[in-house]
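What follows is one structure encoded as structure tokens, with my remarks underneath.
The values are calculated or read from the model by the stated rules, or taken from the named source; none is laboratory data. Given the structure is predicted, the values throughout are model-derived calculations rather than measurements. For neighbour counting, all protein chains shown are included, and Cβ atoms are generated from backbone atoms with ideal geometry for every residue, glycine included. Side chains included, ligands, DNA and RNA excluded: accessible areas come from the protein's heavy atoms. Shrake-Rupley method; radii C 1.70, N 1.55, O 1.52, S 1.80 Å.
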Amino acid sequence: MAWIVLVVSGLMETVWAAALSSSHGLSRVRPSALFVVALIASMAGLSYALRDIPIGTGYAVWVGIGAVGTAVYGMAVLGEPATAARLVCLALIIGGVVGLKFLH
């Protein structure tokens, strides 16, 4: 269960990062509210998951999911460049996250 919560928390990190960007410096109400809710949910889930998962592994997986999710969102929705080099780097992050999970 802790791993499921950790993955969902990592996805919520992507949500709060995207909402923070859309809030334009917390000046827009809806994205700012989404940012706060997603941030709290993400941190609460991370906190819960770290009861059973070592902090080094849990935090690295959480950050990796959030970083890859946010980068993919930027490329898919915001028109950021999806170069081969960027995609290889994202694949390396995913490989590291998967490796940490299986070596846990």
Checklist line | Out of GLY79, GLY25, GLY66, GLY45, sole residue that is closer than 19 Å to GLY95 by Cα and of a type outside the set (D, E, K, R) | finding: GLY66
Note to self: Just to verify a result, which residue in the range 11-49, among those that are assigned to a helix (DSSP H, G or I) and among the charged types (D, E, K, R), is nearest to THR70 (Cα to Cα)?
What the structure shows: GLU13
Margin query: Can you pull out every residue in the range 2-27 that is free of Cβ contacts under 8 Å to residues at least 12 places away in the same chain and closer than 16 Å to ALA44 by Cβ?
Written below: ILE4
Item checked: Residues (open to solvent by 20 Å² or more (accessible area, probe 1.4 Å) and in a helix (DSSP H, G or I)) located in the range 50-67 -> ILE55, GLY56, THR57, TYR59, ALA60, VAL63, ILE65, ALA67
Next item on the list: Give the residues of the range 82-104 that are more than 14 Å from VAL63 (Cβ to Cβ) and of a type in the set (D, E, K, R), sorted by residue number.
Entry: ARG86
